[in-house]
Amino acid sequence: MARYTASKEVNAVIHALVKDGWVFSQNGHGRITHPSGKYIVMSMSPHGKYAHKNVERDVKRLLQQLEEEKANG
C-alpha cells in the first residue's frame, strides 16, 4: 500500500478512495480529487487521534454536496 501521509489510519482512508477512482496529489498539502473534479485538501502530517475521522467527515460532506447538486439538476 502506498504511503500518502504520516498517519496509517488516514492512509487507509485515502487508499480506499483511490481504489474507488479518486486521485491523490500533493503540493504542501494533500489533495483528494473526486472524479467529478471536486476535491478535499488535508494536512500531510495529520496529528491527533481523530484525523482520519475528519477526513471521512469531509469526504461524506463532499459526496452529500454532489448528491444535492445532482438532485437539483
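The values are calculated or read from the model by the stated rules, or taken from the named source; none is laboratory data. Quick caveat: nothing in here was measured; it's all calculated off a predicted structure. Every residue, glycine as well, gets a Cβ built from its backbone with ideal geometry; the counts of neighbours run over all protein chains shown. Keep in mind that these areas ignore ligands, DNA and RNA; they rest on the heavy atoms of the full protein, side chains included. Shrake-Rupley method; radii C 1.70, N 1.55, O 1.52, S 1.80 Å.
Looking at this structure, is His15 touching a strand residue (DSSP E or B) at 6+ places or on another chain (Cβ under 7 Å) and of a type outside the set (A, V, I, L, M)?
No: the conditions fail for His15.
His34 fails exactly one of the following numbered conditions: (1) surrounded by 10 or more Cβ atoms within 10 Å (Cβ to Cβ); (2) without any contact (Cβ under 8 Å) to a residue 12 or more places away in the chain. What is the number of that condition?
Going through the list (1) surrounded by 10 or more Cβ atoms within 10 Å (Cβ to Cβ); (2) without any contact (Cβ under 8 Å) to a residue 12 or more places away in the chain, His34 breaks only (2).
Exactly one of these conditions fails for His15: (1) assigned to a helix (DSSP H, G or I); (2) on the phi > 0 side of the Ramachandran plot. Give me its number.
(2)
With respect to Lys53, is the statement that it is under 12 Å from the mean Cα position of the chain (by Cα) and either in contact (Cβ under 8 Å) with a residue 24 or more places away in the chain or open to solvent by less than 40 Å² (accessible area, probe 1.4 Å) (or both) true?
no
So which of Gln64, Gln26 is assigned to a helix (DSSP H, G or I) and surrounded by 10 or more Cβ atoms within 10 Å (Cβ to Cβ)?
On inspection, the qualifying residue turns out to be Gln64.
Just one of the numbered conditions (1) more than 17 Å from Thr5 (Cα to Cα); (2) surrounded by 15 or more Cβ atoms within 10 Å (Cβ to Cβ) is not true of Ser43; which one?
The single condition Ser43 does not satisfy is (1).
Which ones in region 5-16 are closer than 14 Å to Val59 by Cβ and either open to solvent by 20 Å² or more (accessible area, probe 1.4 Å) or over 12 Å from the mean Cα position of the chain (by Cα) (or both)?
Those that are closer than 14 Å to Val59 by Cβ and either open to solvent by 20 Å² or more (accessible area, probe 1.4 Å) or over 12 Å from the mean Cα position of the chain (by Cα) (or both): Glu9, Ala12, Val13, His15, Ala16.
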